[in-house]
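> Take this structure, written in structure tokens, and hold onto it; I'll ask about it next.
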Amino acid sequence: MNQAIVASADAEARARAAGVPIVDFDPESDPAFKADPLGMILAAQRYGDVFYSTAARGFWVVTRHELCRMISQDLEAYSNRETFTFYRNPPPIFHIPANLDPPDHGKIRRLIGPLLSAAVVRKLEERARASVAKIAEEVIARGHCDFMADVALRIPAEVFLEHMGLPLDRADEITATRLLPGKLNASNDPDGTQLAAAVAAVREMFEEVVAERRRRPADDIPSYLLSQTVDGKPLTDEEVLQLCHTLLGTSLGTTASTMTFMFQRLAGEPELRRSINETPEIVKGLVEEALRCYPAIPMVSRTVRSDRDFHGIPWKEGDRLVLLLSAANADLDVFPEPNQFDPDRRPVRHLGFGAGPHRCAGSLLAQMELRVLVEEWHRRIPDYYVGDLSELTHEVSVAVRMTTLPLVVGAPAAQ
Ligand code: HEM
């Protein structure tokens, strides 16, 4: 008999015996998640601090800030080896460092740290400003844009692709290939064939770059990685390929997602837009509030490493967990009036980047890109409004994204 099915029936029985709510919480194939993924995740708070979902292969769901934080920090008790926990048919993808446990995780994290440090991000800021300025001028000339395709997906690519050793003139194609997995799920790719093909295409791209950089090193991330050692041994091509895949995979769609949600919000709040130009120092807080309210990765996964009692719930080795970061970011114990979008909120303790040793390695880069976008865009385009949203749906995988955000430059005509 299928072991996953046995495991989920057993976990469900334990949930029932412990009085834990049992719910069909199914981000992969419930159409309501496509309409409003963050709303659906927030609404799951109503089931309790922890509940059990019978969807996919069965998983426990954690909704509270403190519990998500504690689990994220405890790598000895909870493994990160699986990412696609709420998928029926998880793709055979193993990302480093994301899917590594100690001690290997720490070794790779230390190694990639310098690639995303404050000093590197400071150097990339000028490029980000130039990119936003150019894109904003194009939008002004046209009078409207699809903010997702024309702005949000382009900025992270323009800031980071060349750093990854990839040609900027193929940015659209690279971004589209890379983002394809986010569009695929149990309903449109049941056996994972298209997803495997998209992953293979990204891999092929980096195989060329890595082979080339072995022959002729350049000033970029693949060349840096090829020069690194772990435990005295140089990284293998396979490890370099996996790291490149992770860095590309984590750096584009996530930032674009938060940018788009944030601009949908700003488009509907003229007062807030005005205050950006009047008091530019609010931008940092505004970005943090966007990361709290619209985390691009609203759910992260863990696997229980050994049998344990979790606040009276008997968890067993191999049990799957999903931590609802966006519900944690609206936890009343931590955030008074969580539904208010408040750039002055202090202290900032959101879990938009996760917590603990796996906390986002690119948070400084993402924060800089979001801040620069707000500053440079508003210098040029103080007023804008949302166009026809009838085509809007969301991609829901590990990251969530709006598929489109039509924006029109200027103030809407008076009714
Ligand atoms: C708004 C944009 C972003 C958000 C919301 C975000 C969020 C996250 C979250 C929630 C995690 C997982 C934490 C966990 O499993 O506990 C993560 C991991 C990671 N992120 Fe980001 N991220 C963003 C942008 C970036 C960028 C620009 C990069 C640059 C390359 C990046 C690189 C990574 C890496 C390498 C990991 C794996 C870290 C590890 O497992 O040690 N992220 N991110």
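The values are calculated or read from the model by the stated rules, or taken from the named source; none is laboratory data. Since this is a predicted model, take the numbers as computed values, not measurements. Quick reminder, even Gly has a Cβ in these numbers, built from the backbone with ideal geometry, and neighbours come from all protein chains shown. SASA here: full protein model, heavy atoms, side chains in, ligands and nucleic acids out. Shrake-Rupley method; radii C 1.70, N 1.55, O 1.52, S 1.80 Å.
> From the Cα gyration tensor of the stretch 199-317, with a ≥ b ≥ c the square roots of its eigenvalues, which class applies: rounded if a/c is under 1.5, or else prolate if a/b is larger than b/c, or else oblate? Intermediate results must be reported in sequence, preceding the final value.
Working: a/c = 2.73, a/b = 1.31, b/c = 2.09.
Oblate is the answer for the stretch 199-317, as a/c is 1.5 or above yet b/c matches or exceeds a/b.
> Right, next: State the percentage of accessible surface on the stretch 3-409 attributable to carbon and sulfur atoms; use a 1.4 Å probe and exclude ligands, DNA and RNA.
The value for the stretch 3-409 is 52 percent carbon and sulfur by accessible area.
> List the residues whose amide H sits under 5 Å from the amide H of residue 165, counting only those 5 or more places along or on another chain, with H placed 1.01 Å from N in the peptide plane.
The list, which skips near neighbours in sequence, is 221.
> Taking 10 °C and 1.306 mPa s as the conditions, I'd like the Stokes-Einstein D for the stretch 112-248 in µm²/s, using the Kirkwood hydrodynamic radius from alpha carbon pairs.
Values: Rh = 16.7 Å.
Reported coefficient: 95 µm²/s.
> Further, regarding this structure: Output the Cα-based Rg and Dmax of the stretch 36-185 in Å, rounding Rg to one decimal and Dmax to a whole number.
Using the Cα atoms of the stretch 36-185, the pair Rg, Dmax is 19.7, 55 Å.
> Report the FRET efficiency, 1/(1 + (r/R0)^6), for residue 123 and residue 227, where r is their Cβ-Cβ distance and R0 is 22 Å, rounded to 0.05. Before the final figure, lay out each step's value.
Working: r = 19 Å, r/R0 = 0.87.
For residue 123 and residue 227, the calculated efficiency is 0.70.
> Just to check I understand the Karplus step: with θ = phi - 60° and J = 6.51 cos²θ - 1.76 cosθ + 1.60, what whole-Hz values come out for the stretch 88-94, glycine and proline as x?
Each residue's phi maps through the Karplus curve to give 5, 10, x, x, x, 10, 10 Hz.
> Still on this structure: With every protein chain left in place and a probe of 1.4 Å, what is the accessible surface of residue 94, to the nearest 10 Å²?
Roll a 1.4 Å probe over it and residue 94 shows about 100 Å².
> Another one. Starting at the first residue of the stretch 308-323, write each ³J(HN,Hα) from the Karplus equation 6.51 cos²θ - 1.76 cosθ + 1.60 with θ = phi - 60°, in whole Hz, x for Gly and Pro.
3J(HN,Hα) across the stretch 308-323, in whole Hz: 7, 9, 10, 6, x, 9, x, 8, 10, 3, x, 4, 8, 10, 10, 9.
> By how many nm would the segment from residue 110 to residue 196 lengthen if fully extended, with 0.36 nm per residue of separation less the alpha-carbon distance? Spell out each step's value before the answer.
Numbers: separation 86, 0.36 × 86 = 30.96 nm, distance 2.95 nm.
Using 0.36 nm per residue and subtracting the Cα-Cα distance, I get 28.0 nm.
> If amide hydrogens are placed 1.01 Å from N in the peptide plane, which non-local residues have theirs closer than 5 Å to the one on residue 310?
So residue 310 has HN proximity to 315.
> Could you give P(r) for the stretch 1-70, binned at 10 Å from zero, as whole percent values over all Cα-Cα pairs?
Computed distribution, short to long bins: 20, 47, 30, 3.
> Next up: Viscosity 0.890 mPa s, temperature 25 °C: give me the Stokes-Einstein translational D for the stretch 285-415 in µm²/s, with Rh taken as the Kirkwood radius over C-alpha pairs. Spell out each step's value before the answer.
Details: Rh = 17.6 Å.
Once the numbers are plugged in, D ends up at 139 µm²/s.
> If you don't mind, another one. Take each uninterrupted DSSP H stretch in the chain, measure its Cα extent along the helix axis, and return the ones at 30 Å or beyond whose mean Kyte-Doolittle hydropathy is at least -1.0.
Numbers: long enough: 118-142 (36 Å, 0.06); 193-215 (33 Å, 0.00).
Span-like helices here: 118-142, 193-215.
> Could you give the Stokes-Einstein D for the chain in µm² per second, using the C-alpha Kirkwood radius, 20 °C, 1.002 mPa s?
Diffusion coefficient, whole number: 96 µm²/s.
> Oh, and also: When the Karplus curve 6.51 cos²θ - 1.76 cosθ + 1.60 is applied with θ = phi - 60°, which whole-Hz ³J(HN,Hα) does each residue of the stretch 298-305 get, with x for Gly and Pro?
Whole-Hz 3J(HN,Hα) from phi for the stretch 298-305: x, 9, 10, 10, 9, 10, 5, 8.
> Out of 254, 83, 217, whose Cα points farthest toward the positive end of the dipole of the chain (charges: +1 Lys, Arg; -1 Asp, Glu; placed on Cβ)?
The Cα lying farthest towards the positive end belongs to 217.
> Over the chain, average the accessible area per residue using a 1.4 Å probe and give it in Å², no decimals.
Details: 18070 Å² over 415 residues.
Ligands and nucleic acids excluded, the result is 44 Å² per residue.
> Does the stretch 94-160 classify as rounded, prolate or oblate by the C-alpha gyration tensor (a ≥ b ≥ c root eigenvalues; a/c under 1.5 gives rounded; else a/b over b/c gives prolate, otherwise oblate)? Mind dumping the intermediate values first?
Details: a/c = 6.55, a/b = 2.25, b/c = 2.92.
Because a/c hits 1.5 or more and a/b fails to exceed b/c, the stretch 94-160 counts as oblate.
> Name the residue from 358, 322, 372 whose Cα lies farthest towards the positive end of the charge dipole of the stretch 279-415, charges +1 on Cβ of Lys and Arg and -1 on Cβ of Asp and Glu.
Toward the positive end, the furthest listed residue is 358.
> Between residue 134 and residue 344, what FRET efficiency follows from the Cβ-Cβ distance if R0 is 25 Å, with the result rounded to 0.05? Numbers along the way, then the final one.
Working: r = 32 Å, r/R0 = 1.26.
So the FRET efficiency works out to roughly 0.20.
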